[in-house]
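Peer 1: Quick one: the structure is below, and I'll ask about it shortly.
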Amino acid sequence: RVKAELNRIRERFPAAFERNERLVAKIEARIGEFDARSIDTVAAKARIAEAKVLITEAKALYEALKAKIEMAGTQLTGEMSKPLAIIEEVRNSIKNLVEKIKAAHEKVREAVKALKDARISSTNTEE
């Protein structure tokens, strides 16, 4: 059962990275469109840059987590010296990783809001 859960973890996080990266790419494309129309996109660009940093940090945490999972898997199938300590360490790593992914997604949301605000303010100045 523990091995199945660890395998599910291995599959779940790369999918989250992919979703966030797709969102970042879409927002960057939209930023390009806004730049072409001379709409201020500085705030959105800053949020997207922050999101990219968080995604990179999350990927590094994931790589470390994979190593811990491998270690946990071998130790759980072999001698169970400290299984609860190993599981708790993996659990804490997962919690940190989830927080990074959520923070990155929040930055993407802030970028979208900044673009909406920029579009609204440019529409108001054109009138």
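Peer 1: Starting from the Cα of Glu33, step 7 Å along the direction of its Cβ; do the same at Ala15; then give the gap between the two resulting points in nm.
Peer 2: The answer from the label model is 2.8 nm.
Peer 1: Taking the structure as given and computing semi-axes √(5λ) of the Cα gyration tensor in Å, which label from [x] 26, 18, 13; [y] 26, 15, 12; [z] 42, 11, 9 fits?
Peer 2: For semi-axes √(5λ) of the Cα gyration tensor in Å, the calculated option is [z].
Peer 1: How large is the accessible surface per residue of the chain, computed with a 1.4 Å probe and reported in Å² as a whole number?
Peer 2: Here the per-residue accessible area is 66 Å².
Peer 1: Expected output is a single nm value to one decimal: the length gained when fully extending between Glu99 and Ala4, i.e. 0.36 nm times separation in residues minus the C-alpha distance. What is it?
Peer 2: Stretched out fully, the Glu99 to Ala4 stretch lengthens by 31.9 nm.
Peer 1: Roughly speaking, to the nearest percent, how much of the chain's 1.4 Å accessible area is carbon and sulfur?
Peer 2: Carbon with sulfur: 54 percent of the solvent-accessible area.
Peer 1: Let me ask something else about it. Could you pull out the pairs from Lys59/Lys116; Lys59/Lys113; Lys68/Lys100 whose alpha carbons sit more than 27 Å apart here?
Peer 2: Correct reply: Lys59/Lys116.
Peer 1: On a full-extension model of 0.36 nm per residue, what is the gain between Val53 and Arg91, subtracting their alpha-carbon distance, rounded to one decimal in nm?
Peer 2: 11.4 nm
The values are calculated or read from the model by the stated rules, or taken from the named source; none is laboratory data. On a predicted model such as this, the values are computed, not experimentally measured, just so you know. Because the Cβ atoms are built from the backbone with ideal geometry, glycine has one as well, and the counts that use them run over all protein chains shown. Surface accessibility is based on the protein's heavy atoms, side chains included, excluding ligands, DNA and RNA. Shrake-Rupley method; radii C 1.70, N 1.55, O 1.52, S 1.80 Å.
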